[in-house]
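These notes concern the structure reproduced below.
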4 protein chains.
Amino acid sequence: MEKTRIAVIGLGWFGEIHCDAIAAIPSFELAALCTRTATRLEELGKKYGVSQLYTDYHELLANPDIDAVSVVTMWDQHTAPTLAALDAGKHVFLEKPMAHTVADCRLICDAAATAKGHLMVGHIRRFNPRYAMARQEIAAGNIGKVLSMSSRRNIPAAWTPEILNKIGPIVGDAIHDTDLMLWFTGARVISAYAQTVDLRGLKYPDVGHTMYRFDNGATATLETVWCMPEKTPFDIDERMSVIGSEGFVHIQDTFPNIGICTKDGFRSPDTTYWPTLNGVTTGALRDELSYFADCCRTGTPPTIITPEEAMAALEAALAAEESAATGQVAHL
Amino acid sequence: MEKTRIAVIGLGWFGEIHCDAIAAIPSFELAALCTRTATRLEELGKKYGVSQLYTDYHELLANPDIDAVSVVTMWDQHTAPTLAALDAGKHVFLEKPMAHTVADCRLICDAAATAKGHLMVGHIRRFNPRYAMARQEIAAGNIGKVLSMSSRRNIPAAWTPEILNKIGPIVGDAIHDTDLMLWFTGARVISAYAQTVDLRGLKYPDVGHTMYRFDNGATATLETVWCMPEKTPFDIDERMSVIGSEGFVHIQDTFPNIGICTKDGFRSPDTTYWPTLNGVTTGALRDELSYFADCCRTGTPPTIITPEEAMAALEAALAAEESAATGQVAHL
Amino acid sequence: MEKTRIAVIGLGWFGEIHCDAIAAIPSFELAALCTRTATRLEELGKKYGVSQLYTDYHELLANPDIDAVSVVTMWDQHTAPTLAALDAGKHVFLEKPMAHTVADCRLICDAAATAKGHLMVGHIRRFNPRYAMARQEIAAGNIGKVLSMSSRRNIPAAWTPEILNKIGPIVGDAIHDTDLMLWFTGARVISAYAQTVDLRGLKYPDVGHTMYRFDNGATATLETVWCMPEKTPFDIDERMSVIGSEGFVHIQDTFPNIGICTKDGFRSPDTTYWPTLNGVTTGALRDELSYFADCCRTGTPPTIITPEEAMAALEAALAAEESAATGQVAHL
Amino acid sequence: MEKTRIAVIGLGWFGEIHCDAIAAIPSFELAALCTRTATRLEELGKKYGVSQLYTDYHELLANPDIDAVSVVTMWDQHTAPTLAALDAGKHVFLEKPMAHTVADCRLICDAAATAKGHLMVGHIRRFNPRYAMARQEIAAGNIGKVLSMSSRRNIPAAWTPEILNKIGPIVGDAIHDTDLMLWFTGARVISAYAQTVDLRGLKYPDVGHTMYRFDNGATATLETVWCMPEKTPFDIDERMSVIGSEGFVHIQDTFPNIGICTKDGFRSPDTTYWPTLNGVTTGALRDELSYFADCCRTGTPPTIITPEEAMAALEAALAAEESAATGQVAHL
């Protein structure tokens, strides 16, 4: 069995977690790393025993030994390396949100449509087994016609002071639930209304509440609070309900499935997305990248997430942000 | 100790539950009943051993033996009997929503301000011990400044086909959460946006999603689904979160505090609002009416709920319904 | 309506809570207090505005103005005041456990059988609406034949360093679940096996695990941990499952029905047993004492808990403690 | 990368699930199948496209192309094929319980100690991310000294009428929790007391309650009910608490993390152990077998579960069954 030789472009905290997850996947070889910060590059090269180190992704992409890349740059710096990688014939795993504008998403989708390599956007929640199970039930018609959805995705304030200068909670996190709702319903968002609350005076507000109308008539609310108080006992308070005419699905992940109380207090750590267990990064991120590895190895286009779907999620989330800024309902 | 002699005006399903609760309160005497339907009047007179039976509330109110009335008529028929009862010097317990227009609420508030008797509107959730505890914590400043609230109050479709021809889920149920949010924050609602979904073609839509902005900057979403599918395992799926700058409160009532599985399936019955236990109606309704009984007996104006507060909740809920009808944000 | 004039004998922390609850019940008048500690007597006399203060319960019982007493002395000092009060013709509310030996329970039961006043032992869990609802379902045959039960009743270590020098977790707390299991099944305990763990070297061990066999064939395990670690986020972790041949009941009380996060951490306070809400002591203790007040006022013997039932619970719990001491199964 | 060529011996319902899981692991090749039932062999050979089909495991083991075997025969038929496979130099994945006697476990352990291939017993719960996270916390000393443990592992009656003629709930299921408790504490079980309840008159009783004493002083209770009533809304009601001197871990898996309500009722399906998602068998079984695949490929002995640990779990569970049979405490 041939290993797929993959490089990671963008080595922030999440790029490093990508490296950890890739290192735990037998059919991947972590073959190269790329970031503009030379010290970081050297540090992670040592950590993962990777000798092909690049500060310029163009040089990386020129390397014919590389089969695939994972793009984990800032969300507003996704377009250029992704287009270049597709152009170079590489398979591309691109972190969400796909890009920072719908126009850029369009460029990427078009490039992917004709590229030699496959493109998959990292809507990781589709690899959470609870959501995947929910999708199966809904797709099988077991809850009837979807009428009403609601989601929560709230995270501690301690995690977000830097992130909130780069991206806000709606495009940064409600996009997960937006994507899931689109996946579950197969519908389109036709309007968005959102309200934000600013607590800390960072570039983006701390709280986003979003309401969508879908073209099948369904309504949805999405709660994203990025300033959960200091003593909040969970990594993520993550819930979703999908109510149909004949049934419903309710998901409550990471809390209170596990509760750990120590001298330092009570908390519910993540065991779903990228927990390190027995020294190995596992969870939905590992499963998502494994699926991508299988697609690369077998030459099969990814079907669990398509580029067009990732674009639709961004479009809706950007409309919600626009609504929050104007105070008006945004129509798509 | 003198018993307060109380009459119930309006004897639908909930008027009967009022009678049950009153019968279980030692300091009340259920002294008279009033409804326009003679057969119903006779039936409940027998059930409760009450001999003073009226089809006309004016006659009832002319009876000097009656100290207090509980008004449980349709929500759009609250105003006349309430004004008449206040005018007759009776204490009045008035079911929520206070009235069907803000103008009528204003009339009732004004009448109550100068009446001999006390007026209390039945915002029963304030007597749910979880919300009362939450209020104490928030009022003590323990969660800091309130930033974000969300609520759910979803009930089975089987309960609502008749109700939905009389009142919709926003004014009918989200008003509970509206009232609680106003109580918790001490703020005013300044705008409302809502979306509804119609499933069964009844007079009012089956689903309401509401978003409020408060004058302290907080945002809130309220979910009310009155068409939970047939096999839904709970009487009410009721949750509320109040997130502040320094803490939060989360409440999850009736589900899954108790789960009962029988040959007929799994369900979570109400043990909070008006459960019948050991043959006696108990819960928040009994506590609410007991509090009202104490106010009557001791001549103390009710402070847990004031008429002005009840009016504010209706005003916000009506604005949400208006928004759902127009598709525009409603400003208050 | 005549008020029942009641006195509290024993004014430790829980005697004071009894006073609080009695003060909130309109049909009770808190008429006298009794404790051997003169300073405590004076302090609580002032707090409750009670002028009839006794250091000797015999003098109290000689007062013909007193209709009823609540006995809240140490569990091994229940017998004498209870027998004396019954002998004096008073109604007696007696805290659980009924007494510290089965022989004493027998004496009390016999005295109660012929006394003028009524005796009710404070098995408060029967007034928790969740357990009362469960009992109704089970008694109606809705879960079939009871096969297997399990319970948890764990409390913070911070509460117990003094209590553990007076009573252990099995007789002190598992007796609640013992009583409920007896109530639910209508069966007798025929054997008990228990294991304890000692953490802090107090008079009684910190942890008790008990297993019962009932004469209807059912098995049960009861977990009582009185040393939950410092950061434990709940007042009580209280659960019970009753599994029958055709259904089951599951109860999870106080946690996570309400969660409150503040600067000091996350916790789930009691809202079921004796929460103070709106300045008033409410909950199951208030309901239990109200029920006793009704029995006193109407001259009706209490049926929700009988003296013989209270004795059976003690007998089983003492057998479990004996088993823990000997390492052998104890047969009843 | 060389694929490990693995065969499955024993093709009951769980052997088939093994095949499904193996088929989803890129580094495994499902190379051969073995069962005594020729029709079943042919059926599964077709399903998985496997042409090497055996009714005699000796012939299978003589095939030098096979690197590893998974033994999924009845628990009392584990010893012979396992010893033969080890003798033949194969890697062996052996389903739990290791064997049906401690003596057989001893034989297998001794054989494994000198074998060329690696032996791993399928204590799958160690690959549930919640338990793995718990283990890390406990092993790091974060909850202090373990004092008290309790577990529940209850499954629907509909699943068990055949199984209960082959194995009972203590050795069949409490062994999972026994193994986890041994893993968490690093201690030994020194005594066991258990009670069973028979509902359906099958070979083994339907209900088992077990209490262990560990040599570090800890106590534990284990609940296993294999006759959860017809309308039970979950695949597994699975919980564990580990309470230490300085903290605790609580796990509640599969229920209510996901709830699905359809026309047929409410249920909580398994998303942890072997859910089929996107057409692929995933979950802890896939992760467990992947880990074994890695061990085979890299020649590394499995450390997450050792043969001696699997033997210790069986020894304790058999002692509990003995106690249930004799009514006496069993000492190890």
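Which of the residues spanning segment D:202-218 are part of a strand (DSSP E or B) and surrounded by 24 or more Cβ atoms within 10 Å (Cβ to Cβ)?
Matches in segment D:202-218: D:V207, D:G208, D:H209, D:T210, D:M211, D:Y212.
Inside segment D:279-303, can you point out the residues that are polar (S, T, N, Q) and at the interface with another protein chain (Cβ under 10 Å from one of its Cβ atoms)?
D:T282, D:S290, D:T298, D:T303
Just a yes or no: is a residue in segment B:319-329 farther than 30 Å from C:P26 by Cβ, at the interface with chain C (Cβ under 9 Å from one of its Cβ atoms) and surrounded by fewer than 21 Cβ atoms within 10 Å (Cβ to Cβ)?
Within segment B:319-329, not a single residue is farther than 30 Å from C:P26 by Cβ, at the interface with chain C (Cβ under 9 Å from one of its Cβ atoms) and surrounded by fewer than 21 Cβ atoms within 10 Å (Cβ to Cβ).
Look at D:L180 and say whether it is out of contact with any Asp or Glu (no Cβ under 9 Å at 6 or more places or on another chain) and not in a loop (DSSP other than H, G, I, E, B).
Spelling it out, D:L180 is indeed out of contact with any Asp or Glu (no Cβ under 9 Å at 6 or more places or on another chain) and not in a loop (DSSP other than H, G, I, E, B).
Do the conditions hold for A:V189, that is, is it within 26 Å of A:I304 (Cα to Cα) and within 14 Å of chain D (Cβ to nearest Cβ)?
No: the conditions fail for A:V189.
Take the conditions more than 30 Å from C:A139 (Cβ to Cβ), aliphatic (A, V, I, L, M) and out of contact with any Asp or Glu (no Cβ under 6 Å at 6 or more places or on another chain) and apply them to B:M228. Does it pass?
No: the conditions fail for B:M228.
Considering only segment C:149-179, state which residues are among the acidic types (D, E) and surrounded by 20 or more Cβ atoms within 10 Å (Cβ to Cβ). Walk me through how you get there before you give the answer.
At the first step, the residues of segment C:149-179 found to be among the acidic types (D, E) are C:162, C:173, C:177, C:179.
C:D173, C:D177, C:D179, listed by residue number.
Need the failing condition index for B:T306 against (1) more than 10 Å from chain C (Cβ to nearest Cβ); (2) buried (at least 19 other Cβ atoms within 10 Å of the Cβ); (3) without any contact (Cβ under 8 Å) to a residue 40 or more places away in the chain, just the number.
Of everything listed in (1) more than 10 Å from chain C (Cβ to nearest Cβ); (2) buried (at least 19 other Cβ atoms within 10 Å of the Cβ); (3) without any contact (Cβ under 8 Å) to a residue 40 or more places away in the chain, B:T306 misses just condition (2).
Restricting to segment D:205-254, name every residue that is away from chain A (no Cβ under 14 Å) and among the basic types (K, R).
Passing the criteria: D:R213, D:K231.
Quick check, is D:S70 within 14 Å of chain A (Cβ to nearest Cβ) and in contact (Cβ under 8 Å) with a residue 12 or more places away in the chain?
Judged against the criteria, D:S70 is not a match.
Would you confirm whether or not segment D:20-38 contains a residue that is without any contact (Cβ under 8 Å) to a residue 40 or more places away in the chain, over 25 Å from A:S290 (Cβ atoms) and part of a helix (DSSP H, G or I)?
yes
Just to be sure I understand, how many residues within segment C:193-204 are more than 7 Å from chain D (Cβ to nearest Cβ) and within 17 Å of C:E322 (Cβ to Cβ)?
5
Kindly indicate which of A:R188, A:R213, A:R200 is over 30 Å from B:N216 (Cβ atoms) and among the basic types (K, R). Spell out how you get there, then give the answer.
Numbers: A:R213 fails: over 30 Å from B:N216 (Cβ atoms); A:R200 fails: over 30 Å from B:N216 (Cβ atoms).
Within the list A:R188, A:R213, A:R200, the selection yields A:R188.
Counting only residues that are of a type in the set (S, T, Y) and not in a loop (DSSP other than H, G, I, E, B), how many does segment D:92-146 have?
Residues flagged as of a type in the set (S, T, Y) and not in a loop (DSSP other than H, G, I, E, B) within segment D:92-146 amount to 2.
Cβ-Cβ distance below 9 Å, separation of 6 or more or different chains: which pairs start in segment C:113-127 with a residue that is farther than 10 Å from C:A284 by Cα and end on one that is surrounded by fewer than 24 Cβ atoms within 10 Å (Cβ to Cβ) and among the polar types (S, T, N, Q)?
So the pair list comes out as C:H118/C:T300; C:L119/C:T306; C:M120/C:T306; C:V121/C:T306.
Please enumerate the residues belonging to segment C:232-285 that are under 21 Å from C:L222 (Cβ atoms) and without any contact (Cβ under 8 Å) to a residue 24 or more places away in the chain.
Those that are under 21 Å from C:L222 (Cβ atoms) and without any contact (Cβ under 8 Å) to a residue 24 or more places away in the chain: C:H250, C:Q252, C:T254, C:F255.
Does any residue of segment A:260-278 turn out to be within 14 Å of chain D (Cβ to nearest Cβ), on the phi > 0 side of the Ramachandran plot and at pLDDT below 95?
Yes - at least one qualifying residue is present in segment A:260-278.
Name the pairs: first residue in segment C:86-112 and surrounded by fewer than 16 Cβ atoms within 10 Å (Cβ to Cβ), second residue in a loop (DSSP other than H, G, I, E, B) and not polar (S, T, N, Q), Cβ to Cβ under 7 Å, at least 6 apart or on different chains?
Pairs found: C:G89/C:K116; C:G89/C:G117.
Does segment D:39-57 contain at least one residue that is touching a Phe, Trp or Tyr at 6+ places or on another chain (Cβ under 6 Å), part of a helix (DSSP H, G or I) and modelled with pLDDT of 95 or more?
no
Specify the residue that is nearest to B:D237 (Cα to Cα); the eligible residues are those in segment C:242-252 that are of a type outside the set (A, V, I, L, M, F, W, C) and surrounded by 24 or more Cβ atoms within 10 Å (Cβ to Cβ).
C:G247
The values are calculated or read from the model by the stated rules, or taken from the named source; none is laboratory data. The structure displayed is predicted, hence computed values, not measured ones. Here the Cβ is made from the backbone with ideal geometry for all residues, glycine too, and neighbour counts use every protein chain on show.
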